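Take a look at the structure set out below.
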Amino acid sequence: NNNNNKKESIYVYNVDWTEENGFSPENELSHLKYIENFCNDLKSILILSVLEAEENIPKPHPLVDEILHHTNSSWFKSKDFQGRSNQLKNIYAYCSSLTETEFHHNFNSPLVIVGESGCGKTSLMAKSYLNLNCKKIIRFIGTSPHSCHIRDLLFSICWQLSSILQTSKSEIIDDKNTCMIVKPPLHEYQSLISKFKGLLKTAAGSKKTFALLIDSIDQLSDTDRGRSEMIWIPKHLPQNSRIVLSCVTNGNKGIECVKELEQNNFLSNSMNVIYLKPLSKDEQTEVIKSLLKKEKSCALTGNYTNTLQPSQLNTLINSCEKCPNPLFLTLAISEVTQWKSYNPIQYSLPDTISDLITSFFNRLEIRHGHALVTKCFQAIAASKDGLTSTEIEDIVSLDDDVLNDVFQYWEPPIRRLPPMLWLRILDDMGGWMVERSSRGRNVLSWHHRQFSEQAENRYLYGPEPDLVSSCLLLLSSSTSSTTSSTSSSSTTTSSTTTTIPTNTSLSSTSTTEKNIRAWKKIHQDLAEYFSGVWSTKPKSYFDKNGVKKQALRMVPNQSLRFEPAIAKSETTVTTVTTTTPTT
């Protein structure tokens, strides 16, 4: 009995009032129906209003966010840039096609910047991009969802370059959708490369120079062999088109990239190669001054020497002279800002970048709890490409040792990790952890290679050099097929055969055994989570009083994706291939 006026969204209901009970849904069926109709109508109105409002909201293209991310990153990564004036002039002369200079570039070949990890290549690239006054594009590999894989990278560059040149994007992207849809012939990798090189030639037809700057090509995923076979880089650039690349010279990926660049003769002309050397003493002083002034406590004084005691400042300067690396300086500044000028204790700084990163992890554990930080970083280190924030919260919520440590004084009605705890850790990590694209998702992983290696050694494998071999020995000596104790429908089968050196044996020390147990536990936790074991049933735990209880962890059910050869039926046993860890 309702009359719906759609024009004014007025709903009229006729309800009988009883003399005995008045309005009583418990006793009168018509009153209960009225409540149900009212709730359903209200729900319909709200849903319709939300959908109408959503249609009116402008939907920017996802690649617009990608472009803005890298453009804004240029400012962020270069705001504390100091020194390297000669290198800046070199890049500017190359991108601006200046011939009457001391550098004598070959404008038909890319300009390559190489140096050890942490030497300041990224900040140099960012500063150079901001200094250029030509048409330009920059990408910081691995810092955004569409800059990790070569297809996504070329796709976004082609889209942006088409916008700059005001050419049609119909072959590049479907503008009617909010996600990238490759149209023929760009479905093939070779066609995408041809389109990229063709747009470079189109850009060369203009009077102004076009510059493409790509930082950290060693961070590219090797999908489509984008890192190990650099066929996408033109060996002969069109007129007025410039490409600037940067790459590290150490680490497995860096060495691989350098070899590939040498094979393609990108390093044969010394005039087109910039080797970044350690910072000079004057440059170190300028960097220290700039970074200290950036801190809030330093900004109040206006003089960086007033923020530290003379002995503390001397300690900082002496340490930076021993390791004149921009990454070391950045981490050292982060360390000294924790010192108290009134504290009589004699402070000292570690001598290496690895020790400074260790100190950084120590501070996180002191502030947020050893158990919580360890579990979060263990999960990221044990994953292949990284995890989302939600996945990290879910995995930690399945670890009762961490939850008991978090809920020491109060046990919430829902046994899950409070989201704010992980977000606080993420905020304290600053730019050292970034979002990357992995299999169509945005995941969190370490931005710098040295952070990733330190996190693996500290939280996954432990400090013992033979722990990886020990873990593999323990894995190979276990049964080849293990049935999960918490799932009766899924069987996990180890299909990895690992050869262990004959002189390798499990250490009898408690530290090594503890690390091996932690190594096994985190992989078991990941396997159970991504198998959906705890999505529908409660998990047992012991509270702080030793009482055994059960609680749902509110983790999602996981969709299983089978290979065609494996997925023969719904009852097929799931085979999990174990990835051999690498040192």
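The values are calculated or read from the model by the stated rules, or taken from the named source; none is laboratory data. Computed from a predicted structure; not experimentally measured. Quick reminder, even Gly has a Cβ in these numbers, built from the backbone with ideal geometry, and neighbours come from all protein chains shown. Ligands, DNA and RNA are excluded from the accessible area calculation, which covers all protein heavy atoms including side chains. Shrake-Rupley method; radii C 1.70, N 1.55, O 1.52, S 1.80 Å.
In the context of the full protein assembly, M271 retains an accessible surface of approximately 80 Å², using a probe radius of 1.4 Å and ignoring ligands and nucleic acids. Relative to the 2.2 N^0.38 Å rule of thumb, the range 63-108 has a C-alpha radius of gyration ratio of 1.51. In this rough spin-label picture, where each label sits 7 Å from Cα along the Cβ direction, the E229-S535 distance is 3.7 nm.
Here the mean projected area of the convex hull built on the C-alpha positions of the range 19-63 is 4.6 nm².
If you sort the three axes of the alpha carbon gyration tensor as a ≥ b ≥ c, you get a/c of 1.5 or more for the range 122-163 and a/b no higher than b/c, which makes it oblate. Per residue, the convex hull spanned by the alpha carbons of the range 88-149 comes to 119 Å³.
Please give the FRET efficiency for K549 paired with N106, using the beta carbon to beta carbon distance and R0 = 60 Å, rounded to the nearest 0.05. Efficiency at R0 = 60 Å is approximately 0.25. The ratio of the alpha-carbon radius of gyration of the range 373-439 to the globular-protein estimate 2.2 N^0.38 Å is 1.16. Which of rounded, prolate or oblate describes the range 306-424 when judged by the alpha-carbon gyration tensor and an a/c cut-off of 1.5? Note, shape of the range 306-424 comes out prolate. Spin-label pair W75-S191: with each label point 7 Å from Cα along the Cα-Cβ axis, the two points sit 3.9 nm from one another. Listed peptides 70-80, 18-28 appear in the order 70-80, 18-28 once ranked by packing, highest mean of other Cβ atoms within 10 Å at the front. Anisotropy class assigned to the range 186-275 is oblate, per the alpha carbon gyration tensor with a/c at or over the 1.5 cut-off and a/b no larger than b/c.
Taking only the alpha carbons of the range 1-104, we obtain Rg and Dmax values of 33.4, 102 Å in that order. The protection proxy used here, the mean number of other Cβ atoms lying within 10 Å of each residue, ranks peptides 519-530, 240-251 as follows, highest first: 240-251, 519-530. Put a dot 7 Å past the Cα of N318, heading toward its Cβ, do the same for K43, and the two dots end up 7.2 nm apart.
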